[in-house]
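The structure under discussion appears below in the form of structure tokens.
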Amino acid sequence: METLLFLFPQFNYMAPKEEAYFKMLGPEDLQAPKMKDDSSRQKDKERKSRLSLFLTKSGSHENVSPHKKTNTTPSNISTEAALQWSDSFEELLKHSDGVEIFSQFLKTEFSEENIEFWLACEEYSTIDSETKLRSKAKYIYTVFIESDAPKEVNIDYNTKMAIQKNIAQPTKSCFEAAQMKVYSLMKKDSYPRFLHSDIYLRLTRRKGPGATMFRRRSRSCVFNERGEATTDSAW
């Protein structure tokens, strides 16, 4: 780690959560992103495998969520509070318990990377230090954006290429387009299913004998020519 700090002094002010992450990377990983050739693919796979293991051991929200909570269970959330989350997706995200329960729901659908990326972007937008901004931007890009990233989010090609182009000199707005697309996807696709999920219905005490059950048969998400998320579903 000392060698990396000598070679890359901008990481001397690294936050503890990013420091643990960068300890797993080699000097070649700290260079500006570029298109990979065949000779580097194996090294990339090994690096991403280590990173994926690190994220699993450390907990998915520990590294990216400014709303991190512990021991959030249905038993300590009031029915009244949970009912407010159905007012709108925006209302859900205002409550730290709502974010945590929604994250638990997304894990059941294997799409928790969406809320984690959105939260990481929210945290990123509050950073004022240019040094910390570069460090966090590289972290977000490596974990969520680049091809075959351990928690790669579903964004269109043009948005991904725009981020790749600007990541060497990141600004506070470099992830905004991707964040909005992921937000739109969660709002239109995941949030409606969350409101009909067992985990939410138990919180609101609306599930009992004879309750209507919703079963998802199939759902797909595509981006139209304007880069907006649309869904095609069958119930």
Exercise. Return the total of residues in the range 127-146 being without any contact (Cβ under 8 Å) to a residue 60 or more places away in the chain, open to solvent by 10 Å² or more (accessible area, probe 1.4 Å) and not aliphatic (A, V, I, L, M).
Key: 2
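Restricting attention to the range 189-207, does a residue exist that is under 26 Å from Glu80 (Cα atoms) and at pLDDT below 55?
Here is the first cut: in the range 189-207, the residues under 26 Å from Glu80 (Cα atoms) are 189-207.
Narrowing the set further to residues that are at pLDDT below 55 leaves 207.
Checked the range 189-207: at least one residue is under 26 Å from Glu80 (Cα atoms) and at pLDDT below 55.
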Quiz item: Would you pick out the residues in the range 143-165 that are touching a helix residue (DSSP H, G or I) at 6+ places or on another chain (Cβ under 7 Å) and of a type in the set (Ser, Thr, Tyr)?
Solution: Thr159
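Which of the residues belonging to the range 147-174 are of a type in the set (Asp, Glu) and crowded, with 18+ Cβ neighbours inside 10 Å? Explain how you work it out, then say what you get.
As a first pass, look at the range 147-174 and keep what is of a type in the set (Asp, Glu): 148, 152, 156.
Answer for the range 147-174, where residues must be of a type in the set (Asp, Glu) and crowded, with 18+ Cβ neighbours inside 10 Å: just Asp156.
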Exercise. From Glu109, Glu116, Glu122, grab the single residue that is charged (D, E, K, R), within 15 Å of the chain's Cα centre (by Cα) and open to solvent by less than 30 Å² (accessible area, probe 1.4 Å).
Key: Glu116
Quiz item: Out of (1) more than 23 Å from Arg205 (Cβ to Cβ); (2) in contact (Cβ under 8 Å) with a residue 24 or more places away in the chain; (3) not polar (S, T, N, Q), what's the single condition that is false for Ala162?
Solution: (2)
Self-check item: Boolean, Gln104 is in contact (Cβ under 8 Å) with a residue 40 or more places away in the chain, surrounded by fewer than 19 Cβ atoms within 10 Å (Cβ to Cβ) and under 30 Å from Thr204 (Cα atoms)
Solution: yes
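Applying the selection to the range 175-184, what residues are open to solvent by less than 20 Å² (accessible area, probe 1.4 Å) and either over 21 Å from Leu133 (Cα atoms) or out of contact with any Cys (no Cβ under 6 Å at 6 or more places or on another chain) (or both)? Steps first, please.
Taking the range 175-184 first, the residues open to solvent by less than 20 Å² (accessible area, probe 1.4 Å) are 175, 178, 182.
Residues satisfying the conditions are Ala178, Val182.
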Self-check item: Where Thr159 falls short, out of the listed (1) assigned to a helix (DSSP H, G or I); (2) more than 19 Å from Ile115 (Cα to Cα); (3) β-branched (Val, Ile, Thr)
Solution: (2)
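The values are calculated or read from the model by the stated rules, or taken from the named source; none is laboratory data. Bear in mind that the values here come from a model prediction, so they are computed numbers and not experimental data. Backbone-built Cβ (ideal geometry, glycine too); neighbour counts: all protein chains shown. Just the protein is used for accessible areas: all its heavy atoms, side chains included, with ligands, DNA and RNA removed. Shrake-Rupley method; radii C 1.70, N 1.55, O 1.52, S 1.80 Å.
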